[in-house]
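Presented below is the structure to which this report refers.
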């Protein structure tokens, strides 16, 4: 017999959150060193528990930076993001499409400090494949599944609108170092999540996100240090994720990235990647340290990201500076 006293759940998350900035804060839309940015991500977690993985999340994002006027120090950013989270090996599918817009305002004439504000609006859809679910009523006395579930689902699909807002402050004291921090709030519009008939009202809770990141240069121009910090709160669930990466530039076109991080109470993270002429490829692995599988600490989840930052033939002015790790 099993008794569930309580259950906590939250939105999807990424270990390489810094490589999917539109999922962290809409004010980061178009906050790039270039004209446009393309990012792809794939996460698979707990594949050792069920075949096909308990959590599988592919995603894609694209954003651009547009000038306001030729003489202006300010710019606009626009972005599009798609995520598809599949839980329980495909029992529950969560799809979201988000459009974002941001305004990047220079606070000084030397363009060393920026204040960015962003909004993100989109569409959320959750689908439940009830044919893959197994209930007690389906078993006979011998433990064989022979009966229908008799569960009364109102529907197996939930859809709704979503709205998010965020602020970001950026500082660029010199060519070797920069700092960025901000906060955002997700799910400003309540979205009902009810599959079963007779259940009480259940709305998707709001999510508070705060982040900070920096790049520190050294006397050796080939080396750079890039710490990242992410805090999220949704309902009664908190998540703290921090990582630090070391960059080594072989030449102006190629950089090696290696490092790791820690998600408090959940996983240690190792990652590595390479940047070549605007193209970035990274891989990371979560080493489980939670109590879910105490006998097998090394089983967790992996992520793969691919990104590219490009320029048009006519560069945007001003070029909004950004962490080169993007």
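For residue 60, indicate whether it is more than 14 Å from residue 125 (Cα to Cα), under 14 Å from the mean Cα position of the chain (by Cα) and buried (at least 16 other Cβ atoms within 10 Å of the Cβ).
In short, yes.
Which condition breaks for residue 220 when tested against (1) in contact with a strand residue (DSSP E or B) (Cβ under 7 Å, 6 or more places away or on another chain); (2) assigned to a loop (DSSP other than H, G, I, E, B)?
(1)
Of the residues 175, 162, which single one is loosely packed, with under 13 Cβ neighbours inside 10 Å and under 24 Å from residue 30 (Cβ atoms)?
175
Does residue 98 count as closer than 26 Å to residue 169 by Cα, in contact with a strand residue (DSSP E or B) (Cβ under 6 Å, 6 or more places away or on another chain), surrounded by 15 or more Cβ atoms within 10 Å (Cβ to Cβ) and in contact (Cβ under 8 Å) with a residue 40 or more places away in the chain?
Against the criterion (closer than 26 Å to residue 169 by Cα, in contact with a strand residue (DSSP E or B) (Cβ under 6 Å, 6 or more places away or on another chain), surrounded by 15 or more Cβ atoms within 10 Å (Cβ to Cβ) and in contact (Cβ under 8 Å) with a residue 40 or more places away in the chain), residue 98 qualifies.
Can you confirm whether residue 177 is at pLDDT 85 or above and more than 21 Å from residue 205 (Cβ to Cβ)?
yes
Have a look at 244, 215 and point out the one that is within 21 Å of residue 178 (Cβ to Cβ), in contact with a strand residue (DSSP E or B) (Cβ under 6 Å, 6 or more places away or on another chain) and at pLDDT below 95.
Criteria check complete, one pass: 215.
Is there a residue in segment 193-205 that is more than 30 Å from residue 151 (Cα to Cα) and surrounded by fewer than 17 Cβ atoms within 10 Å (Cβ to Cβ)?
no
Since residue 210 meets every condition but one in (1) touching a residue at least 12 places away in the same chain (Cβ under 8 Å); (2) more than 28 Å from residue 106 (Cβ to Cβ); (3) surrounded by 11 or more Cβ atoms within 10 Å (Cβ to Cβ), which condition does it not meet?
All conditions pass for residue 210, except number (2).
Just wondering, is there one or more residues in segment 63-75 that are within 30 Å of residue 133 (Cα to Cα), modelled with pLDDT of 90 or more and part of a strand (DSSP E or B)?
For segment 63-75, residues within 30 Å of residue 133 (Cα to Cα), modelled with pLDDT of 90 or more and part of a strand (DSSP E or B): absent.
The values are calculated or read from the model by the stated rules, or taken from the named source; none is laboratory data. From a predicted model like this one, the values you see are computed outputs, not experimental measurements. Cβ atoms come from the backbone with ideal geometry, glycine included; neighbour counts cover every protein chain shown.
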